[in-house]
Amino acid sequence: MATIAQSQNMSNAHLHELFVDELRDILGAEKQLLKGLKKLTDGAVSEKLKHAFQTHYEQTEGQIDRLKQIFDSIGLTARGKKCKAMEGLLEEADEIMESFEGSPSSDAALIAAAQKVEHYEIASYGCLVTYAKLMGHNEAEELLTETLAEEKDTDGLLTEIATSEANVTA
């Protein structure tokens with residue numbers, strides 16, 4: 001973390017420690033999500049849903065790279081921490097997969113689980129964008145905004161798949 005002298009010279013320095021903690025949390029969450037997305041892909045019946053999960057897996061790898069760039073841009077080593085929220089969301093997704101495996105509503109259930117994850121990520125990245133902006137971390141703000149847009153797009157795609165096919169066949 002920035003030294004006290006460095007952070008006192010930064011705009012809205014009081015947010016720095018929170019910003020770094022949230023960055024570490026979301027980095028850990030994204031790494032945890034990679035494993036979860038493989039399971040979701042394997043559990044999906046619809047080819048469109050499988051493709052959406054595979055695409056988001058690739059996006060998540062890019063998001064992890066962006067987070068590493070953000071840490072570098074603020075002079076810190078990228079280090080994630082275990083995200084308890086993501087751990088819980090992925091445990092719930094596992095339970096859903098087990099409960100609805102083979103059911104006509106299995107894809108609808110997977111989408112519901114995946115959208116809970118997306119909404120957590122949207123909330124996290126939304127806060128991080130705001131913190132970066134307030135502290136004048138322009139590069140971080142730009143990179144976080146890009147990731148936030150991807151998360152929103154994924155949520156929208158999942159909604160489209162749900163309303164056009166998964167919920168209809170459930």
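The values are calculated or read from the model by the stated rules, or taken from the named source; none is laboratory data. Keep in mind that what you see is a predicted model, and the values were worked out from it rather than measured. All Cβ positions, glycine included, derive from the backbone under ideal geometry; neighbour counts span all protein chains shown. These accessible areas exclude ligands, DNA and RNA; they are computed on the full protein's heavy atoms, side chains included. Shrake-Rupley method; radii C 1.70, N 1.55, O 1.52, S 1.80 Å.
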What's the extension gain from ALA78 to ALA13 if we count 0.36 nm per residue and subtract their Cα-Cα distance? 21.4 nm
Using a probe of 1.4 angstrom, how much of the accessible area of the chain is carbon and sulfur, in percent? 51
Convex hull volume of segment 1-157 per residue (C-alpha atoms, cubic angstrom): 88
Where Lys and Arg each count +1 and Asp and Glu each count -1, what net charge lies around TYR57 among other residues with Cβ under 14 Å from its Cβ? -4
Helix-derived mean residue ellipticity, 222 nm - over the chain, DSSP H n ≥ 4, -39500 (n - 2.57), to 500: -27000 deg cm²/dmol
If the elastic network links every pair of Cα atoms under 10 Å, which of GLY136, GLY43, GLY75 fluctuates the most in the Gaussian network model of the chain? GLY75
Provide the per-residue ³J(HN,Hα) series for segment 70-84, in order, calculated from phi with Karplus coefficients 6.51, -1.76, 1.60 and θ = phi - 60°, each as a whole number of Hz, with x at glycine and proline positions. 5, 4, 4, 5, 9, x, 10, 7, 5, 9, x, 9, 5, 9, 5
The chain: angle of helix 138-161 to the longest principal axis, Cα-based, in degrees nearest 10: 10
Evaluated over segment 53-131, the Cα radius of gyration and Dmax, each in Å: 15.3, 50
How big is Rg to Rh over segment 90-139, alpha-carbon atoms, Rh as the Kirkwood inverse-mean-distance radius? 1.29
Shape call for segment 49-93, from the Cα gyration tensor axes a ≥ b ≥ c (a/c under 1.5 means rounded, otherwise prolate when a/b beats b/c, else oblate), comes out oblate
In Hz, Karplus ³J(HN,Hα) per residue of segment 56-66 (6.51, -1.76, 1.60; θ = phi - 60°; x = Gly, Pro): 5, 4, 5, 4, 4, 4, x, 5, 5, 4, 4
GNM of the chain, Cα pairs under 10 angstrom: of ILE74, ILE122, ILE26, the biggest fluctuation goes to ILE74
Too-long pairs where the Cα-Cα distance tops 19 Å, listed order kept, from LYS31/LYS81; LYS81/LYS133; LYS35/LYS81; LYS31/LYS68; LYS48/LYS84: LYS81/LYS133; LYS48/LYS84
Which shape class applies to segment 105-166: rounded if a/c is under 1.5, otherwise prolate when a/b exceeds b/c and oblate if not, where a ≥ b ≥ c are the square roots of the Cα gyration tensor eigenvalues? prolate
Under 8 Å for C-alpha pairs, at least 6 residues apart: give me the relative contact order for the chain, rounded to a whole percent. 29
Heavy-atom accessible area per residue - segment 1-138, 1.4 Å, Å²: 51
